[in-house]
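Have a look at the structure below, then the notes.
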Amino acid sequence: MNLAGVAARLLCAWLVAIPLAEAAERAPRPISLREALQRALSANPRLSAADREVGIAGGLKLQAGVLPNPELAFELDNALGSGRFQGVRSAETTLQLSQLIELGGKREARIAAGDAGVSVAVWQRRASELDVLSETAIAFITVISAQRRIEIFDEQIASFDQLIPLLKRRVEEGASSPAETQRAQVAADLFRVDRERARSQLASARRDLAILMGESVPHFGEAVGRFTSTGQPPPFQSVVQAIEANPQLMHWTAVTAQRNAELILARLKAVPDVHVGAGWRHFQDTGDNAVRLDLSIPLPVFDQNTGNILAAEQTLAKAGAERAINRLLLISLAGRAYDAASGALAELKLLRASIIPNARSAAETIQNGYTQGRFSLLELLDVRGSVLQALLREQEALQSFHIAVATIEGLVGNPFSLARESSR
C-alpha cells in the first residue's frame with residue numbers, strides 16, 4: 001500500500017476515534033460510597049443552611065458584648081416667648097452627653113448566652129452532618145441493592161433464553177407440547193416485567209442519592225461497592241451507651257446551658273442600671289456658663305421582671321425534658337435498627353447455609369433431568385422460581401442489614417467510616 005493509502009486509513013481511524021473518546025468523556029463516571037459521602041458533605045444544602053445558623057449565632061454573640069451607645073442631647077430653654085423672653089436674648093442652651101451604665105454583670109451574662117448560642121448552632125450542625133452521612137449511606141446501599149436485583153433478573157432471563165431453543169427442539173421432536181414453549185416464554189416475560197419494575201426503583205433510588213449530594217438529577221454512573229459481607233453487631237447496651245455522644249443530645253446539653261444563661265440574664269434585669277450624664281449650659285442674657293450633672297436610677301417598685309424570670313425557669317426545665325424525650329427516641333430508633341440487623345443476619349445465615357445451595361442444586365438436577373424427559377416443565381419453572389426468590393430474599397436481607405448498620409452509625413454519634421466500604 002502506498003503512503004497516501006496509509007495516511008487515508010490513519011485519518012479515518014483518527015476521525016472515528018474522536019467521537020468515541022468524546023463519548024467516553026461524556027459517559028457518567030461510576031461512584032463509590034466514599035465519593036458519595038464526600039460529595040454530600042460538600043454540596044448538601046442542609047449543611048449549608050446549618051453553616052449559616054452558626055454564622056448567625058456568631059453575629060448574635062458579637063452583638064451581645066457591645067456596650068450601650070452614649071446619648072448626645074441639646075436643649076434650648078427660655079426662648080421664643082414674650083417680654084424679656086422674646087427671641088433668644090434670655091435663652092439657656094444646654095449640651096449634654098449621657099451614658100447608661102449596666103450593673104450586676106448584665107453584659108457578661110449576655111456574652112455567656114451568646115457563647116451558648118454558638119455552641120447550640122455548632123452541635124446542630126454536627127447533628128445535621130451525621131444525618132446527611134447516614135442518609136447518604138442508606139441511599140447508596142439502596143442503589144447498590146436495586147442494581148443487584150436487576151442483575152438477578154437478567155440472570156434468570158438469560159437462563160430462560162437458553163431454555164426456549166431446547167423447548168422448541170423438543171416440540172419439533174414431538175417430545176413436548178407447544179404450550180410448554182409458550183409457558184416458558186410467559187415466565188421469561190414475567191421476569192422482564194419484574195426487571196422493569198426494578199429499573200424504576202433504581203431510577204428513584206439514584207435520584208434520592210443525587211438530591212442528597214445537592215443535585216437535581218443524577219450525574220454519576222453505576223454505584224460500585226461490595227456489600228455482601230456482614231459482621232456481628234456489638235451488644236445493644238454498648239449502642240445505648242454510645243448514643244450519649246450523639247450530637248443531637250449534645251445539642252440539647254448546649255441548649256440547656258443557653259437557657260440557663262438566659263435565666264441568669266432575666267434575673268439580672270431586675271437590677272436597676274445607672275444613667276449618668278454631664279453637660280454644658282450657657283445663659284444668653286448674662287453670658288455665663290455652667291456645668292450640668294445628671295444621675296438617674298429607676299426604682300424597681302412595680303416591675304421586677306418576675307414574669308420573665310418565671311418563664312425563663314420553665315424554659316430551662318423544658319430543655320431537660322426535651323433532652324430526655326430525644327434520648328428515648330434515639331434509643332427506640334437504635335433498637336429497631338438493631339433488631340432489623342439481627343433479624344437480617346439470622347435470615348442470611350439460613351439462606352446461605354441451606355436454602356440457596358439446595359435451591360441451586362435442585363435446579364441443576366431438574367434442569368439435567370428435564371433434558372432427559374424425567375421432569376416436567378412445570379417442575380423446572382417451579383425450582384427456578386425458588387432460586388430467584390431465594391436470591392432476592394438474600395439481597396433484601398443484605399440491604400436491611402447494611403441500612404440498619406448505617407442507621408445505628410448515624411445514631412451513636414461516631415463519625416461515619418469512609419474506609420468501611422473497602423472491607424466489604
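Laboratory data are not the source of any read-out in this text; all were calculated from the coordinates shown. Since we're looking at a predicted model, the values are computed, not measured. Neighbour counts are summed over all protein chains in view; Cβ atoms, including those assigned to glycine, are modelled from backbone coordinates with ideal geometry.
Residue 199 versus residue 332, label points 7 Å from Cα toward the beta carbon: distance in nm?
Distance between the two pseudo-spin positions: 4.2 nm.
For the residue pair residue 236 and residue 285, what label-to-label distance in nm results when each label sits 7 Å from Cα along the Cα-to-beta-carbon direction?
Modelled inter-label distance: 9.3 nm.
Once the piece of chain linking residue 317 and residue 293 is laid out straight, how much longer is it, given 0.36 nm per residue of separation minus the C-alpha distance between them?
Gain in length upon complete extension: 4.1 nm.
Once you place label points 7 Å from the Cα toward the Cβ at residue 101 and residue 354, how far apart are they in nm?
The modelled label-to-label distance comes out at 8.8 nm.
So which lysines can residue 61 reach, going by Cα to Cα under 24 Å and dropping same-chain residues fewer than 8 places off?
106, 269, 318
What FRET efficiency comes out for the pair residue 215/residue 379, r = Cβ-Cβ distance, R0 = 41 Å, nearest 0.05?
Once the sixth-power term is evaluated, E becomes 0.25.
Place a point 7 Å from the Cα of residue 86 along the Cα-to-Cβ direction; which residues of the range 284-303 have their backbone N under 19 Å from it?
284-286
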